[in-house]
1. I'd like to check which strands (runs of 3 or more DSSP E) are fully inside region 23-67 and have at least 2 residues that are over 26 Å from Asp118 (Cα atoms).
2. Exactly one condition in (1) surrounded by fewer than 18 Cβ atoms within 10 Å (Cβ to Cβ); (2) over 26 Å from Glu9 (Cβ atoms); (3) not polar (S, T, N, Q) is false for Pro54; which is it?
3. In this structure, does Leu78 turn out to be at pLDDT 95 or above and either over 27 Å from Lys160 (Cα atoms) or in contact with a Pro (Cβ under 9 Å, 6 or more places away or on another chain) (or both)?
4. Taking only region 128-141 into account, find how many residues are in a loop (DSSP other than H, G, I, E, B), under 14 Å from the mean Cα position of the chain (by Cα) and small (Gly, Ala, Ser).
5. Being in contact with a strand residue (DSSP E or B) (Cβ under 9 Å, 6 or more places away or on another chain) and in a loop (DSSP other than H, G, I, E, B) is the filter; apply it to region 68-101 and report the residue that is nearest to Gln117 (Cα to Cα).
6. Answer yes or no: is there a residue in region 16-24 that is crowded, with 17+ Cβ neighbours inside 10 Å, closer than 21 Å to Ser154 by Cα and among the hydroxyl-bearing types (Ser, Thr, Tyr).
7. Within the set of pairs 6+ apart or on separate chains, which have a first residue in region 10-29 that is closer than 16 Å to Leu95 by Cβ, a second that is part of a strand (DSSP E or B) and basic (Lys, Arg), and C-beta atoms under 9 Å apart?
8. Within region 119-136, track down each residue that is surrounded by fewer than 18 Cβ atoms within 10 Å (Cβ to Cβ) and either among the small types (Gly, Ala, Ser) or at pLDDT below 95 (or both).
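The values are calculated or read from the model by the stated rules, or taken from the named source; none is laboratory data. All of these numbers come straight from a predicted model, not from anything done at the bench. Counting neighbours? That spans all protein chains shown, and the Cβs are built from the backbone with ideal geometry, glycine included.
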Amino acid sequence: MKKPQSVIEIFLQPGEWWFGNEHTRIRTLLGSCVAITLWHPGRRIGGMCHYMLPSRSRERGTQALDGRYGDEALALLLKEIHRERARPSEFDAKLFGGGYMFDRQGCPGAGCSGQIQDRNIAIGRDLMARHGFRIKAQHLGGTGHRQVIFDIWSGHVWVKHTPLPAAESDLKEPDCGSPLLIGLPS
């Protein structure tokens, strides 16, 4: 699909989210955080969130939804989906991030559970299943950071994964794709 003549470029910081139309490109940079992209192939609308933690440690009460938390970030995107009179099952979902950013000496091996990265990944997958989204692609875990670019006009998501140098990590990189630029078409 050809890039529209006028495009809004959005850069998400941690805790931010955006929902837009086919004139939108969304970018973010991830470490242990997770990004979820949602795209409606028929209507060319969609969004992305960049969450830092799975959920709040206490009840939200009357506080507004906060995009720093995975469950609340998705709730914000779901509000936009419902405003557009669409259903989650009509959207393609893609998940990215959850990388280990530091040496894991205190946590040997890939089986170390309970880390924020692992919990962010788990809640993202759980939320997709719970709300009926189709996961079309994912690039999760491992070490290092990811740059993510989502073109809403086409549904394409581009990922550049930069693992930690071997000297800084005792973890073998999982089979989650090439460390070079990866295009994940819808």
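1. Numbers: elements: 24-30, 34-40, 45-51.
Counting at least 2 such residues, we get 24-30.
2. (1)
3. Yes: the conditions hold for Leu78.
4. Keep residues of region 128-141 that are in a loop (DSSP other than H, G, I, E, B), which gives 132-133, 141.
Restricting the remaining residues to those that are under 14 Å from the mean Cα position of the chain (by Cα) gives 133, 141.
Next, only the ones that are small (Gly, Ala, Ser) stay: 141.
Looking only at that region, the number is 1.
5. Ranking the candidates gives Gly98 first.
6. Checked against the condition, which is being crowded, with 17+ Cβ neighbours inside 10 Å, closer than 21 Å to Ser154 by Cα and among the hydroxyl-bearing types (Ser, Thr, Tyr), region 16-24 yields at least one hit.
7. Hits for this filter: Leu12/Arg27; Thr28/Arg146; Leu29/Arg146.
8. Ala122, Ala129, Gly132, Arg134
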